[in-house]
Amino acid sequence: MKKIIFFISAIFTIISFTACKDKKNGLNDKPVTLVMAESNPDDSISAWIDKAFAEKASELSHGTITINLHTGGILGDNTSVMKVMTQPKPEIHLARISPAALVTYGCDKHELLDIPYTFVNRAHFWNFALSDTAQVILNEPYEKNIGVKGLFFAEEGFRHFFSTSELKGVADFKGEKIRNAGNSIMKGIIQSLHGEPVSISFSELYSSLQTGIVDIAEQPIANYLSNHFNKIAPYMILDGHQLGVTEVVISADAWKSLTEYQQKALIEAGKYAGEYCKKVAEEAENKSRLTLKSEGTHFVEVVDKSEWQKACADIIATSSQAYPELYKEITDFAK
């Protein structure tokens, strides 16, 4: 009788151990589908990174996480997507947004990433993006309870001004109507260059350039090509006023609904996507530039940026004064 009891006990122990192991490995996690918004087209760098993230999340979660990606702004621009994601039980669970979209929700540390001429080169950015300092900024929206959590940073390349007429230098911006994406730093940059800021949504930018509502806008090179802006505004000056920093966020409700294992899978998938971006972004930009040249885009190189930095000195100083130590940490990654 004792042998039978021991045998039954052993069987239950094995079953219990196996169940705990499966739970720890996420093998028994309930499958979830997360809807993700992307404002850029399917063939853009951002969409490539989204897809790499989605594939890795599925792999690491043993197929229990499916990310349903919608590109081309089908689900809306940054502003409208954030409005949805910050509501209870949102229909959009993930999005690739700009840091500026979070500044309007009180995430002031995010504004540091938009300060002009902060990042010297891509290596500087990636030294920061893969650091503990980056985590401080990623954690900000969740800590402030605004309804989303930052998962990882990526980049689309340095942003440059482009126009329907030739741009040779700072003097050419005076009095021109320049598209403002709706954030205070971009507005400050435009005003520093003595231009007229005009608030235009991304979805309306192409038609606004066509009709003369704006004369000048700015984008990273690859996005400039993928959105076909070169067809109507074929002049670009390579001032590199900002790096196109992007951030993937998840709604707080969706995050809390995941198991611990699924949460870890998303974090690791984000690291993978960041490394993937680090590999492909510069190469894709170089290819885009060659294509643009062949299609007639006129590029003007900016060898010395001191005139541009001097023009933007006030906006740099005022935008960094709230978190001077944190901003210094970010700039120090250039060393």
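The values are calculated or read from the model by the stated rules, or taken from the named source; none is laboratory data. None of these values were measured; they are calculated from a predicted model. Cβ: placed from backbone, ideal geometry, glycine included. Neighbour counts: every protein chain shown. Ligands, DNA and RNA are stripped out before the accessible areas are found, and what is left, the full protein with its side chains, is counted by its heavy atoms. Shrake-Rupley method; radii C 1.70, N 1.55, O 1.52, S 1.80 Å.
Of I146, I74, I49, the residue with the greatest mean-square motion in the GNM of the chain, using alpha carbon springs below 10 Å, is I74. Greater than 28 Å separation of Cα atoms is the criterion. Which listed pairs, K149/K174; K109/K310; K56/K287, meet it? As for pairs spanning more than 28 Å Cα to Cα, those are K149/K174. Spin-label model, E301/E91: points 7 Å from Cα along the beta carbon direction are separated by 5.0 nm.
Starting from the Cα of S165, move 7 Å in the Cα-to-Cβ direction to define the label point; list residues of the stretch 223-255 whose amide nitrogen is under 15 Å from there. Taking a point 7 Å out along Cα→Cβ of S165, the residues of the stretch 223-255 whose backbone N falls under 15 Å are 233-236.
Might you report the magnitude of the Cβ-based charge dipole of the stretch 204-335 about its Cα centre, with Lys and Arg at +1 and Asp and Glu at -1, to the nearest 20 debye?
It comes to approximately 320 debye.
Here r is the Cβ-Cβ distance between S131 and Q210 and R0 is 35 Å; the resulting FRET efficiency, rounded to 0.05, is 0.25. For the pair V32 and K287, label points projected 7 Å from Cα toward Cβ lie 3.4 nm apart.
Of the cross-linked pairs K187/K305; K30/K264; K279/K335; K231/K271, those separated by over 24 Å at the C-alpha level are K231/K271.
Note on K168: aspartates and glutamates with a C-alpha under 19 Å away, same-chain residues under 8 apart excluded, are E176, E196, D215, E218, D239, E301, D304, E307. Given a Förster distance of 35 angstrom, what is the FRET efficiency for N145 paired with D314, based on the Cβ-Cβ distance and rounded to 0.05? With a Förster radius of 35 Å, E is 0.60. Along the chain, the longest continuous region that contains none of the GluC sites (Glu not before Pro) in a DSSP loop with at most 12 other C-beta atoms within 10 Å is 167-294. Each of E275 and S257 was given a label point 7 Å from its Cα along the Cα-to-Cβ line. The distance between the two points is 3.0 nm.
For H228, the accessible surface of its heavy atoms amounts to roughly 100 Å² (probe 1.4 Å, protein chains only, rounded to the nearest 10). Working note: 222 nm ellipticity from helices only, DSSP H runs with n ≥ 4, each -39,500 (n - 2.57), summed and divided by the residues of the chain, gives -14500 deg cm²/dmol to the nearest 500. Once the chain from E196 to L326 is taken as fully extended at 0.36 nm per residue, the excess over their C-alpha distance is 43.7 nm.
Between Q191, Q321, Q262, the Gaussian network model of the chain with springs among Cα atoms under 10 angstrom shows the greatest mean-square fluctuation at Q321.
Fully extending the segment from K231 to A334, taken as 0.36 nm per residue of separation minus the present Cα-Cα distance, adds 33.5 nm.
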